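Data block below; observations after.
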Amino acid sequence: MTNASGTDASGPEHIRPDDPGLSAIMSERRQLLGLTYRLLGSLTEGEDVVQETYTRWYAMSAQEREAVESPGAWLTTVASRICLDLLGSARARRERYVGEWVPEPLPADTQWVSGRWGGGSAVDPADRVTLDESINMAFLVVLELMTPAERVAFILHDVFRYSFAEVAAIVGRSEPACRQLASSARRRLRASQSAAAPAARRADMVRAFKAAWEAKDIDALIGLLAPDATATGDGGGLVQAVLRPIEGAEQIAAFFAGRMDAVPDLRLAESTVNGQPGLVAEVDGVPVSVLAFDVADDRIRQIWSVLNPDKLRLWRES
């Protein structure tokens, strides 16, 4: 297969099943996937990074591997550095992407997203981000606005609880520099946040949006949306999607109501999307779009609709 670096990498078959350290090494896969998904916003790229990380581990001699004091820390360091390199080129790749790029949505039963804490020093409670919070779509979209170094430092420290000494060793910068990176990332995050609605209220709003959409009730849709709401579709050039975000409650309501006429076989189902209430749109039982919502101040502020089939693999396999 081709790994995240674009080079040829052998698959799991190159790992010897009689390796005495195999179980411990492979037990790190869950955390590595959780880390790389958050860093890249893409499960596909995250899986490639994890594969490349294991390839590099087994490219070392047995003596070199035995000399590694903490294999888990070694794997995390390598995966983070690969992600840092990928993030450095991500902006150029996003510019070549057809239409808007939205992080890959995750279904409710994605078990590896929980992970474990890092082994570093305590984190100030004011700076803590729970693992559940760190996979919601609004959070991931803000991460896209950060520099690669900000994103890596912030995720490692504030989400996975690595100390700044550990973060500095991973990203190759001083501790004060890493503190500054994480602080800058927090400012970006706080500047984008509004008062989040309680979980039950978010579910009620999404359920009401579903009912109004199915009824093609434009007035009801407008009433659920913030006046300056934004709806973003991601088709990746593989399926038809609006190439630019739709802005304004009236425009969004008209667009969604019109989709019911354009796709008469469309069926909507409530679902958990990246840990938050969302919707799945299906045609003949096959998911064609997954919608995530940001609800604040008792209105829907953002809608992200992922239609790119490459990003719906987990949904179609479930």
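Restricting attention to the stretch 288-318, which residues are open to solvent by 40 Å² or more (accessible area, probe 1.4 Å) and in a strand (DSSP E or B)?
VAL288, ARG299, ARG301, GLN302
Quick one: what pairs do we get from the stretch 253-264, first residue modelled with pLDDT of 90 or more, second open to solvent by 40 Å² or more (accessible area, probe 1.4 Å) and in a loop (DSSP other than H, G, I, E, B), C-beta under 7 Å, 6+ apart or different chains?
Final answer for the pair search is ALA257/LYS216; MET260/LYS216.
So TRP57 passes all but one of these: (1) within 19 Å of PHE160 (Cβ to Cβ); (2) open to solvent by less than 20 Å² (accessible area, probe 1.4 Å); (3) assigned to a helix (DSSP H, G or I). Which condition number does it fail?
Single failed check for TRP57: (1).
Taking ILE252, is it open to solvent by less than 10 Å² (accessible area, probe 1.4 Å) and either part of a helix (DSSP H, G or I) or in contact with a Pro (Cβ under 8 Å, 6 or more places away or on another chain) (or both)? Before you say what the answer is, go through the steps one by one.
Details: open to solvent by less than 10 Å² (accessible area, probe 1.4 Å): yes; either part of a helix (DSSP H, G or I) or in contact with a Pro (Cβ under 8 Å, 6 or more places away or on another chain) (or both): yes.
It is true that ILE252 is open to solvent by less than 10 Å² (accessible area, probe 1.4 Å) and either part of a helix (DSSP H, G or I) or in contact with a Pro (Cβ under 8 Å, 6 or more places away or on another chain) (or both).
Select from the stretch 272-318 the residues that are charged (D, E, K, R) and farther than 16 Å from GLY236 by Cβ and list them in ascending order.
So in the stretch 272-318, the residues charged (D, E, K, R) come out as 282, 284, 294, 297-299, 301, 310-311, 313, 316-317.
Within the stretch 272-318, GLU282, ASP284, ASP294, ASP297, ASP298, ARG299, ARG301, GLU317 qualify.
Which numbered condition in (1) within 26 Å of the chain's Cα centre (by Cα); (2) open to solvent by 30 Å² or more (accessible area, probe 1.4 Å); (3) not β-branched (Val, Ile, Thr) is the only one that PRO264 fails?
Unmet condition: (1).
Identify all residues within the stretch 267-287 that are part of a strand (DSSP E or B), in contact (Cβ under 8 Å) with a residue 60 or more places away in the chain and open to solvent by 20 Å² or more (accessible area, probe 1.4 Å); write none if there are none.
Initial filter on the stretch 267-287 (part of a strand (DSSP E or B)): 267-273, 276-283, 286-287.
Of the ones still in play, those that are also in contact (Cβ under 8 Å) with a residue 60 or more places away in the chain are 270-273, 276-279.
Hits for the stretch 267-287 are GLU270, SER271, THR272, GLN276, PRO277.
Which of the residues belonging to the stretch 31-46 are open to solvent by 10 Å² or more (accessible area, probe 1.4 Å) and either of a type in the set (Phe, Trp, Tyr) or out of contact with any Ser or Thr (no Cβ under 8 Å at 6 or more places or on another chain) (or both)?
Scanning the stretch 31-46 gives LEU33, SER42, THR44.
Which pairs turn up if I take residues in the stretch 77-92 that are within 11 Å of GLU52 (Cβ to Cβ) and look for partners that are among the charged types (D, E, K, R) and open to solvent by less than 30 Å² (accessible area, probe 1.4 Å) with beta carbon separation below 9 Å, at least 6 apart in sequence or on another chain?
What qualifies is VAL78/GLU52; ALA79/GLU52; ILE82/GLU52; CYS83/ARG151.
The values are calculated or read from the model by the stated rules, or taken from the named source; none is laboratory data. Computed from a prediction, not measured in an experiment: that's the story for all the values here. All Cβ positions, glycine included, derive from the backbone under ideal geometry; neighbour counts span all protein chains shown. In case anyone asks, the SASA skips ligands and DNA or RNA and just uses the protein heavy atoms, side chains included. Shrake-Rupley method; radii C 1.70, N 1.55, O 1.52, S 1.80 Å.
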